[in-house]
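Below: the structure, in C-alpha cells.
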Amino acid sequence: MDVAEERIASAPLPTTRTLRLRSNIPFQLWRFAVINLRMLRMIRKGH
Amino acid sequence: MARVVILGAGISGHTAALYLRRLLGKEHEVLVVSPNSKWNWIPSNIWVGVGRMSAKAVTFPLAPVYRRKGITFEQAKAVAVRPEGDEADGRPTVEVVYTSAERQGQTARITYDYLVNATGPKLNFAATSGLGPDGNSLSVCTPGHAEQAAGALNEVIARLRAGQPQRLVIGVGHGACTCEGAAFEYTFNVEHELRSRGLRELADVVYLTNEYELGDFGVGGMSFKQQGFITSSQTWTESLFRERGVRAILRAHVERIEPGKLFYETLDGEHDALEFDFAMLLPPFRGADLKAYDRSGQDITDRLFAPNGFLRVDADYSQRPFEEWRAEDWPKTYQSPSYANVFGVGIAFAPPHPISRPRTSPNGTVISPAPPRTGMPSGIMGRQVAHSIADMIKGKATTPTHLASMAHMGAACIASAGAGLRDGTAAAMTMYPVVPDYVRYPVHGRSLKDTYGEVGLAAHWVKHLLHFLFIYKAKARPGWSLLPE
C-alpha cells in the first residue's frame, strides 16, 4: 500500500448525521447564506 | 485619442475590456483581439464534460456584446509585438493573423497606445507524448473538448451497463501542470454520475496528480479552523476520497500515453504504467506563442517574455530557494518592466515562482504544481489594470494607480463534486491571501478567519448561481459592474 492509499484508508469519515446534513434542504439553505456571506467578506477584502 | 489593445477575451481580458470601455470616453478606442469568437465560462466546462450542460450553455458570441458596448473586436490571433514599432513607423504595433471564416489567414498590424496581454494559456498537449484529444486522452479545457469527453464517458457508461469493469483515470498529464482543482472537480463529477446511475461498483476511479499530497491544489494546501481544531485541506480532501472510494496516485509525471495505457514517473524516480478505459488528463500550460521585436527588427522575445512564454511584469524574478520566497515577490501592477504601456494579466503574466514547494525526482523531472492564477484573481487583475490604464490615459497619473497582488488578494473557489439541484455536492473554499504570507501569518501563511472550507449541497447551489451570474456579467447586462469579479 503506497502513501496515498494508506492516508486515504485512515482519513476521517463523515458520520451519518454529517452526510445527512450535507443534503438537508433547510440546513443547506442556511449554509448557502453563510457561504455567500463568507464570499462577500472575501470580495470586500480582495477588491 | 488613445487606443488600448487587449489580447485575449477570457475572464481577465474581457473584464479589462468592459471596464476600460466604461472608464474611457468615446474618443478613446478599446480593441479586443481574440482568436475565439465566443466567450466561455470555463469553470462550467466540467459539467459539459459529464453531459450535464451543453457547450452552448457555457458560451456566447462576443461580437454582439462588443458591438453593443462600443468595443472594437478583431477575431484574430496575435503573433508578434513590436513595442517600438519599426523603422518606417515608430508606433507600437501588434501583428495578428485573422481566424474568422471571412478573413482566415489574413494578416494585419494594429497600432496601440496601451497593450494588455491577456492571452491566457497555450494548452501544451505536446509536452507529453500522446496527451490530449488528438492523442490518446481527453480534456475538458474547451467546450469542444468537454463535449468529446462527455461522449467518451457515455461509452464507458454503456460498457458498465453491459457488466464490463472500467478504469477511469482523471488528473493531470504532466509533472508541471496547474489546475489540479479542475481535475479534482471532474473526478468527483464523474464519480457522482456513475454512482447516481448505480454503476459505481464496476468502476475504478483513479485521480492521478503531480501534487505532493492531496488538497495541495497548487497553492501549497490550506489550513482551516473547524469545530475547535485546525485541520488541513489534505485531511479534508483525503476524507472525501475515502468517502467516495476514489483512488489516488500522487507525485506523478505522465511521460507518455498510448491507447489504453499511460506511463508515468513518480517523485522517487520510479517508473510505472497504468491501463485505462477512459483518461481525462489536463495539459500543462505555457504562454501564447508571441514573438517580440525592437525597432530594428531584433528579436527581443526573451526581454519581454519568460522562457515559458508568459509576460514578465513587476515581479521579483530573482532565483531563490523555497525558504526565501516572499509574498512581496508577486507582482502588484502587472506592468512590463521593459515597456510602461504593456501589461500582462490572468494566466498570461509570468509568476515569480510556484506557490507549492517545488520538487524534482532523482532523474531531474520537475513534479510539482505550477501556480494557479485563474478565476477571481484573474478578473480582479483585469479590472485593476483597466483602472490604472484609464487613469494614465486621462493624465491623472504617469504610473499605475491600482494594485492587485495575489499576496494581498483572497479567492473563493467552489469545487463541484457532483451536479444536481437536490443531490449535488461541492466543496466551497475561501482563502486569504492566495499567496501565503508568512510575515503577516507566521504559522499557516494565511488568515484562519478567512481561509475556510465546507462540503455540501449549498456549495453546489452557489456554483450553479455563479454560472448564471458570471455569464450575465460577461454579457454586460444592466448592472454588470456591480457584480464582483
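Just a few scattered comments:
- With Cα atoms defining each centre, segment B:40-72 and segment B:384-403 are spaced 30 Å apart in the structure.
- Scattering profile of segment B:1-75 at q = 0.11 Å⁻¹ [log10 I(q)/I(0), Debye over alpha-carbon scatterers]: -0.31
- Cross-link table B:Lys394/B:Lys473; B:Lys291/B:Lys394; B:Lys56/B:Lys475; B:Lys56/B:Lys122, entries beyond 18 Å C-alpha to C-alpha: B:Lys394/B:Lys473; B:Lys291/B:Lys394; B:Lys56/B:Lys122
- Shielding by other protein chains, B:422-429, mean Cβ within 10 Å: 2
- For B:Arg67 and B:Arg161, the FRET efficiency from 1/(1 + (r/R0)^6), where r spans their Cβ atoms and R0 equals 45 Å, is about 0.40.
- In this entry, segment B:408-485 is assigned a mean projected area of 6.2 nm², taken as a quarter of its C-alpha convex hull surface.
- nm² value of the averaged projected area, convex hull over the Cα atoms of segment B:1-143: 10.4 nm²
- Normalised by 2.2 N^0.38 Å, where N is the number of residues, the alpha-carbon radius of gyration of segment B:283-325 equals 1.44.
- About the Cα centre, charge dipole magnitude for the protein assembly as shown (Lys/Arg +1, Asp/Glu -1 at Cβ), debye: 2400 debye
- Pairwise FRET efficiency - B:Asp89 versus B:Glu323, Cβ, R0 = 51 Å, nearest 0.05: 0.55
- Once the Kirkwood radius over Cα pairs is known for the protein assembly as shown, the Stokes-Einstein relation at 25 °C and 0.890 mPa s delivers a diffusion coefficient of 103 µm²/s.
- Least to most buried among B:Tyr334, B:Tyr432 (fewest other Cβ within 10 Å first): B:Tyr432, B:Tyr334
- Considering only beta bridges that DSSP places wholly inside the protein assembly as shown, some 55 percent are antiparallel.
- In segment B:1-85, trypsin sites (Lys or Arg not before Pro) in a DSSP loop with at most 12 other beta-carbon atoms within 10 Å: B:Lys26
- Sum of -39500 (n - 2.57) over DSSP H runs of 4+, divided by residues of chain B (222 nm, nearest 500): -7500 deg cm²/dmol
- Centroid-to-centroid, using Cα positions, segment B:412-460 and chain A are 8 Å apart.
- Spacing of the two label points (7 Å from each Cα toward its C-beta) at B:Arg22 and B:Thr360, in nm: 4.6 nm
- Zero-based 10 Å bins, Cα pair distances in chain B, whole percents: 4, 20, 30, 27, 15, 4, 0, 0
- Potential extension, B:Lys225-B:Leu465 segment - 0.36 nm per residue separation minus Cα distance: 83.8 nm
- For segment B:196-292, a Kirkwood radius taken over Cα pairs fed into Stokes-Einstein (37 °C, viscosity 0.692 mPa s) yields D = 206 µm²/s.
- Among beta bridges that DSSP assigns inside segment B:204-262, antiparallel share in %, nearest 5: 65 percent
- Rg and Dmax of segment B:331-424, both derived from C-alpha coordinates alone, stand at 17.8, 55 Å.
- Filter on B:Lys38/B:Lys69; B:Lys225/B:Lys449; B:Lys26/B:Lys69; B:Lys332/B:Lys449; A:Lys45/B:Lys332 - keep pairs with C-alpha separation over 18 Å: B:Lys332/B:Lys449
- Where the alpha-carbon atoms of chain A are placed on the principal axes, they occupy 45, 30, 9 Å, in descending order.
- Span-rule helices in chain B, defined as complete DSSP H runs reaching 20 Å or more along the axis (Cα) with Kyte mean at least -0.5: B:143-161, B:376-393, B:457-474
- Estimated dipole of chain B in Debye, rounded to 20 [Cβ of Lys and Arg +1, of Asp and Glu -1, Cα centre]: 1760 debye
- In the frame of its principal axes, segment B:98-137 has Cα extents of 42, 26, 11 Å, reported largest first.
- Dipole check for segment B:320-364: with +1 at the C-beta of Lys and Arg, -1 at the C-beta of Asp and Glu, and the Cα centre as origin, the magnitude is about 100 Debye.
- Projected area averaged over orientations for segment B:415-455, convex hull of C-alpha atoms, nm²: 3.3 nm²
Quick note: the coordinates plus some simple rules give every number you see, no bench work behind them. Values in this document were obtained by computation on a predicted structure and should not be read as measured data. Cβ atoms come from the backbone with ideal geometry, glycine included; neighbour counts cover every protein chain shown.
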